[in-house]
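Working notes for the structure below.
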Amino acid sequence: MLRPVGEARKFALARDAAEFIFNRVPNDTVLNLDLPGVRKLRSGKVRDIFDLGDQLLFVASDRISAFDVIMPNGIPRKGEVLTQISYFWFAQTESFQPNHLLSRPGDRLPANLQPFASQLTGRSMIVKKAKPLAIECVVRGYLAGSGWKEYQKSQTVCGIKLPPGLKESSELPEPIFTPATKAETGHDENISFAEAAKIVGAATAEEAREKSLRIYNHARDYARKRGIIIADTKFEFGFLGGTLLLIDEVLTPDSSRFWPADQYAAGRGQPSFDKQFVRDYLETLDWDKNPPGPVLPPDVVARTTAKYLDAYQRLTGKPL
């Protein structure tokens, strides 16, 4: 976690952050997106979804939230990273898992979206319209977050009995499927597989579990060879014409816990490739975790951007 530091260290952090921002990262962010003439269907914590008739436009902004509060300033290039990592994983898994993609990285935008190219390029995707499942499909390979909290009380995670003696961040004997409800506001709530089956039907829940575990296992093995542990992740699926498609974002630092493999040690929390710098910074403030959120300082913004970009480069083998 970030700790209070001396004035010299604070100055060094600010200097390094400023150098990073101005030399490596564009100092502008896309926070609020409106496309005149294109109907916006939904605006979430990060993504904006627009109606293109028989298709949808997904746009990942640079907004960042922590403790369910959207911060007033964003993280440069974050939306780009999320979109391009999702494109990467869709391509990695499409041989065995159908998805909702219609566009590909580098595709020219349709004529009606060309006026907005500066806002959309690199951070948008055009997808098929699918009917999303009413559950989140979570896979856990390691004991962290809410799973660790539950295990300490009952040696279970979402009702699944686990062996005794596991520590925080321990690798599980095998990955487990732990579905959750979808919350419009606040946190999703963990539920048992039986509860998930009541919501979406037994056959669909079973299919979602099988697909989630297969994708996770594939991605976990791939990422581990590139220095990243995928501790857990959240998938979204949707039906189109009777086929269950992988939709939304896939295996990004926003939907997953990415840990650097060379720093992993069970028995403690792990450093990560996501917004942990933001959370750690906010924990040092006298802030009640209710809106509005505080403005993030340059060093926290820069270090968070660097983590997102590092995750992309490690996974794909190239800089963004």
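Summary of values
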quantity	calculated
Efficiency of FRET from Cβ geometry, E206 and E94, R₀ 22 Å, rounded to 0.05	0.50
Estimated distance in nm for a label pair at A265 and D34, the labels positioned 7 Å out from Cα along Cα-to-Cβ	5.2 nm
Spatial separation of Cα centroids for segment 30-105 and segment 144-218, in angstrom	25 Å
Cα-centre dipole for the chain with unit charges at Cβ (Lys and Arg positive, Asp and Glu negative), debye to 20	440 debye
Proximal lysines to K289, defined as alpha-carbon separation beneath 27 angstrom and excluding residues fewer than eight positions away on the same chain	K10, K45, K78, K149, K153, K182, K234, K275, K307
Choice from S256, S124, S103 with maximal GNM fluctuation in the chain (Cα, 10 Å cutoff)	S103
Segment 100-165: relative contact order in percent, alpha carbon pairs under 8 Å with at least 6 residues between	26 percent
Using θ = phi - 60° and Karplus 6.51 cos²θ - 1.76 cosθ + 1.60, couplings along segment 225-237 (whole Hz; Gly, Pro as x)	5, 10, x, 10, 8, 8, 6, 7, 7, 10, 9, 10, 10
Mean ellipticity per residue at 222 nm, deg cm²/dmol - from DSSP H runs of n ≥ 4 across the chain, formula -39500 (n - 2.57)	-10500 deg cm²/dmol
Aspartates and glutamates with Cα under 18 Å of K167, excluding same-chain neighbours fewer than 8 positions away	E150, D232
Order of exposure, largest accessible area first, which applies to D248, D48 with probe 1.4 Å	D248, D48
Highest-MSF residue in the chain out of N99, N290, N73 [GNM, Cα springs under 10 Å]	N290
Inter-probe distance in nm under a simple model that places probes 7 Å from Cα toward Cβ, at N290 and D188	2.8 nm
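The values are calculated or read from the model by the stated rules, or taken from the named source; none is laboratory data. Note that the structure is predicted; figures quoted are calculated from it, not measured. Ideal geometry is used to build each Cβ from the backbone, glycine not excepted, and the neighbour counts take in all protein chains shown. What goes into the accessible areas is simple: the full protein's heavy atoms, side chains included, and nothing from ligands, DNA or RNA. Shrake-Rupley method; radii C 1.70, N 1.55, O 1.52, S 1.80 Å.
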